[in-house]
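Down below is the structure, laid out as structure tokens.
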Amino acid sequence: MLGPIPRDQIVTHAGERFEKYGCALYTAVALSALLGPGDTIVPVSHVRRRDEGPIKEILGAYRNIDPSGITSAHDQGDVVELRYIEQNIRVERQTSFMNPILPGDVEPVLDADAFVCVPITDYEVGQPTLRHIKEHSDAVVVLDAHGPTSTLTRSGERHPRVWADRDVWLPYIDILKMNLEEASSTWLGESAEMTADPPRLEQDELRDLARHCLDRGVGAVCVTLDERGCVVFFADDGGGIASEVVDRIEVGHVVDATGAGDSFAAGLGFGYLEFHDYVVACQYGNAMGAQRCTGAQLDVYLSREETHRQILAAYGPRP
């Protein structure tokens, strides 16, 4: 599991304030809830020296998380300010950044069954690292496109960026996950012409994006649709493009949506490894994302059995 564990300073849409560690921490803890005591989750991340001890103390409560991949040799780690304007819209500023995760950092874990990559900025998990994984491992690679479609200004403001070198990455990704804004940064159409204010992609354009990615080696493209759940595209038995909308799992009261995408990625990776079914993987993604929104702490995640029941109640048995 690759990505930053930033010190987040959060103001929610309801005006509540939190300060806590986030991003890959959510992914690791969500996976811990889904996996058994005999399984091992290894977060690979670079943090500040002052944060290494507290982060490892938090993760020490989870017996199936091995924190040895969290290092602070360069004393660099992300610090992020998040101010929510609406439930799913936020302004981001980054005041400190980690050094990138390089091929040498993943050498000890190349025997993993899956790599779930949740970078939040373009430099954190690069294409050479994914290429190294695919060339030296049989693991499934899940990539959250938030990283390659986001960048920093000199003053620390975080902004969307065009994923201009997308096609160099695609052969090394098995499941590509993104939201609608990230999809707009990933697909500019066949002409690749940029506009000052790019619109969100419509369903036909999302299908064109998915076809482009699948033709270049990606197994599935999953696009989250905010309150509407997500849509997943994958190859059908006839060589065409299949798609299915996976409705959201209702949350009675959203307390804090920070980390919902990171938790979704955890469910996506687990669901695919467990069932080899992209739709079921998205159901688990929706479940873990919904659970993350129900509280501000890490105790929001349900056990594997409880999550399975939640999915059955929401979707029924898979045909």
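The values are calculated or read from the model by the stated rules, or taken from the named source; none is laboratory data. Small disclaimer: the values here were computed from a predicted structure and weren't measured. Positions of Cβ are backbone-derived with ideal geometry, glycine not excepted, and every protein chain shown enters the neighbour counts. These accessible areas exclude ligands, DNA and RNA; they are computed on the full protein's heavy atoms, side chains included. Shrake-Rupley method; radii C 1.70, N 1.55, O 1.52, S 1.80 Å.
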Order by accessible surface, 1.4 Å probe, largest leading, for residues PHE97, PHE270, PHE18 comes to PHE97, PHE18, PHE270
To the nearest Å², the heavy-atom accessible area per residue of segment 233-309 with 1.4 Å probe amounts to 41 Å²
Stretched out fully, how many nm does the piece from ASP208 to ASP39 gain, at 0.36 nm a residue minus the Cα gap?
57.1 nm
What one gets for segment 204-258 as the Kirkwood radius, inverse of mean 1/r over different Cα pairs in Å, is 12.5 Å
Nearest-5 percent of antiparallel DSSP beta bridges in the chain?
55 percent
Using Cα springs under 10 Å in a Gaussian network model of the chain, which residue among PRO108, PRO67, PRO171 shows the largest mean-square fluctuation?
PRO108
Given a Förster radius of 22 Å and the C-beta distance between HIS308 and ARG228 as r, what FRET efficiency does 1/(1 + (r/R0)^6) yield to the nearest 0.05?
0.45
Using the C-alpha atoms of the chain, what convex hull volume per residue, in cubic angstrom, is computed?
130 Å³
Under a straight-distance cross-link criterion of Cα-Cα below 27 Å, which lysines are reachable from LYS134, leaving out those fewer than 8 residues away in the same chain?
LYS177
Using modelled amide H (1.01 Å from N, peptide plane; none on Pro or chain starts), what sits under 5 Å from the amide H of LEU2, excluding residues fewer than 5 places away?
VAL44, VAL116, CYS117, VAL118
How big is the charge dipole of segment 222-314 about its Cα centre, in debye rounded to the nearest 20, if each Lys and Arg gets +1 on its Cβ and each Asp and Glu gets -1 on its Cβ?
120 debye
Looking only at aspartates and glutamates whose Cα falls under 19 Å of LYS56's and that sit 8 or more positions away or on another chain, we get ASP8, GLU19, ASP39, ASP66, ASP75, ASP78, ASP105, ASP262, ASP299
Ranked highest first by average number of other Cβ atoms within 10 Å, how do 99-107, 41-49 line up?
41-49, 99-107
Computed for segment 1-92: size of charge dipole around the Cα centre, +1 on C-beta of each Lys and Arg, -1 on C-beta of each Asp and Glu, debye to nearest 20, value 120 debye
About the Cα centre, charge dipole magnitude for the chain (Lys/Arg +1, Asp/Glu -1 at Cβ), debye:
700 debye
Above 21 Å lies some portion of the pair distances; for segment 135-285, what is it as a whole percent of all C-alpha pairs?
45 percent
Could you check what % of the DSSP bridge pairs in segment 117-263 are antiparallel, to the nearest 5?
60 percent
Could you give the spread of the C-alpha atoms of segment 213-298 along their three principal axes, from largest to smallest, in whole angstroms?
44, 22, 20
Hydrodynamic calc, segment 44-187: Kirkwood Rh from Cα pairs, then Stokes-Einstein at 25 °C with viscosity 0.890 mPa s, so D in µm² s⁻¹ is 150 µm²/s
Tail weight of P(r) past 16 Å, computed on alpha-carbon pairs of segment 102-175, percent:
48 percent
FRET efficiency estimate (nearest 0.05) - Cβ-Cβ, ARG49 to ASP167, R0 35 angstrom:
0.35
LYS56-ALA242 FRET efficiency (beta carbon distance; Förster radius 41 Å; 0.05 resolution):
0.45
